[in-house]
1. Being aliphatic (A, V, I, L, M), crowded, with 19+ Cβ neighbours inside 10 Å and touching a helix residue (DSSP H, G or I) at 6+ places or on another chain (Cβ under 6 Å) narrows it down to one residue among A68, A59; which is it?
2. I'd like to know if region 128-146 contains one or more residues that are part of a helix (DSSP H, G or I), surrounded by fewer than 21 Cβ atoms within 10 Å (Cβ to Cβ) and under 18 Å from the mean Cα position of the chain (by Cα).
3. Answer yes or no as to whether A31 is closer than 16 Å to H274 by Cα and either modelled with pLDDT under 95 or touching a helix residue (DSSP H, G or I) at 6+ places or on another chain (Cβ under 9 Å) (or both).
4. Within region 71-91, take every residue that is hydrophobic (A, V, I, L, M, F, W, C) and over 17 Å from the mean Cα position of the chain (by Cα) and give me the one that is surrounded by the fewest Cβ atoms within 10 Å (Cβ to Cβ).
5. Being in contact (Cβ under 8 Å) with a residue 60 or more places away in the chain and surrounded by fewer than 18 Cβ atoms within 10 Å (Cβ to Cβ): is that true of M173 here?
6. For residues that are among the aliphatic types (A, V, I, L, M), out of contact with any strand residue (DSSP E or B) (no Cβ under 8 Å at 6 or more places or on another chain) and at pLDDT 95 or above, scanning just region 242-292, find the one that is farthest from E199 (Cα to Cα).
7. Assess whether D171 counts as being among the charged types (D, E, K, R), over 19 Å from the mean Cα position of the chain (by Cα) and modelled with pLDDT under 95.
8. For region 210-227: of the residues being over 12 Å from the mean Cα position of the chain (by Cα) and surrounded by 24 or more Cβ atoms within 10 Å (Cβ to Cβ), which is farthest from V57 (Cα to Cα)?
Amino acid sequence: MSEAEGYTPPRVWTWDQESGGRFAKINRPVAGPTHEKELPVGKHPLQLYSLATPNGVKATIMLEELLALGHEGAEYDAWLIDISEGQQFSSGFVAINPNSKIPAMVDHSTQTPSRVFESGSILLYLAEKFGALLPTDHHKRTETMNWLFWQMGSAPFLGGGFGHFYAYAPDKMQYPIDRFAMETKRQLDVLNRHLSENEYMAGDEYSIADVAIFPWYGALVKGRLYEAGEFLSVHEYTNVIRWADSLLERPAVKRGQMVNRTWGNPAKQLRERHDAGDFETRTQDRIAEDQG
């Protein structure tokens, strides 16, 4: 049925066919595990199970920033969860995140291991655990939390809204693309206006708000998300671009974007991370494999 012909919803919706699109085989209207499989556990107290999507990158950038600040307790193992293969529905993963979304983390340094899921929760948990990237000043802390929760509430319109209908939907439809493109540009304007008067999201201090927002909106204005830069005229958001460029210069941001990445330039992929030295040795091995 074409968009012009319209669609009348049934009285009761039923799941009787795949939804189509890139992730059709893993989309379903029920929760819970689809298969039994325990998650691996490495040598460090912090165990991350993730993929280098924007939400996953938040966690790895945060961990790399903590290590750069000298917090040795932030050493971590990062295990790859291939969502295209449905690995997020294993019994082990569902046990630490009943919502079956990456990233998810287990902190084995607590008396009873602590599961942490939802990317914003992981950022806040780590910031409080290590006393870093979360301002202690009341007003700056509040501003950080404002923008952290702004990102959590706004990004679904960018990802599940614009990204899905523009990049992944099996059929291109003008109404949803127009609707979510408009909302995405409005959000970019919110950021652009704020960053015209602030170096970082919480003012003059780099924080978890920047870590949360950068993998979505920084990637978007740098042409790294959905190949939609020209379509959305992202060049207009000069303050967001300035902010994104400044974060891209941070070594921890560069490293964090590599972890659990399985696509693109092999030199910028690190499928799993179990030691700081993996950035050099395992990346070289991957390049050798691809060239061999």
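The values are calculated or read from the model by the stated rules, or taken from the named source; none is laboratory data. For clarity, every value in this text was computed on a predicted model and none was experimentally measured. Positions of Cβ are backbone-derived with ideal geometry, glycine not excepted, and every protein chain shown enters the neighbour counts.
1. A59
2. Yes, the conditions are met somewhere in region 128-146.
3. Considered against the rule, which asks whether it is closer than 16 Å to H274 by Cα and either modelled with pLDDT under 95 or touching a helix residue (DSSP H, G or I) at 6+ places or on another chain (Cβ under 9 Å) (or both), A31 comes out as no.
4. In this case the residue turns out to be F89.
5. Values: in contact (Cβ under 8 Å) with a residue 60 or more places away in the chain: yes; surrounded by fewer than 18 Cβ atoms within 10 Å (Cβ to Cβ): yes.
Yes.
6. Step one: list which residues in region 242-292 are among the aliphatic types (A, V, I, L, M), which gives 244, 247-248, 252-253, 258-259, 267, 270, 276, 287-288.
Still in the list and also out of contact with any strand residue (DSSP E or B) (no Cβ under 8 Å at 6 or more places or on another chain): 244, 247-248, 252-253, 267, 276, 287-288.
Filter once more, so that each one left must be at pLDDT 95 or above: 244, 247-248, 252-253.
Values: A244: 11, L247: 11, L248: 14, A252: 18, V253: 17 Å.
Taking the candidates together, the pick is A252.
7. yes
8. Of the residues in region 210-227, the ones over 12 Å from the mean Cα position of the chain (by Cα) are 210, 220-224, 226-227.
Add one more test, that the residue is surrounded by 24 or more Cβ atoms within 10 Å (Cβ to Cβ), and what stays is 210, 220-221.
Details: D210: 12, L220: 14, V221: 16 Å.
If we take residues in region 210-227 being over 12 Å from the mean Cα position of the chain (by Cα) and surrounded by 24 or more Cβ atoms within 10 Å (Cβ to Cβ), then V221 is farthest from V57 (Cα to Cα).
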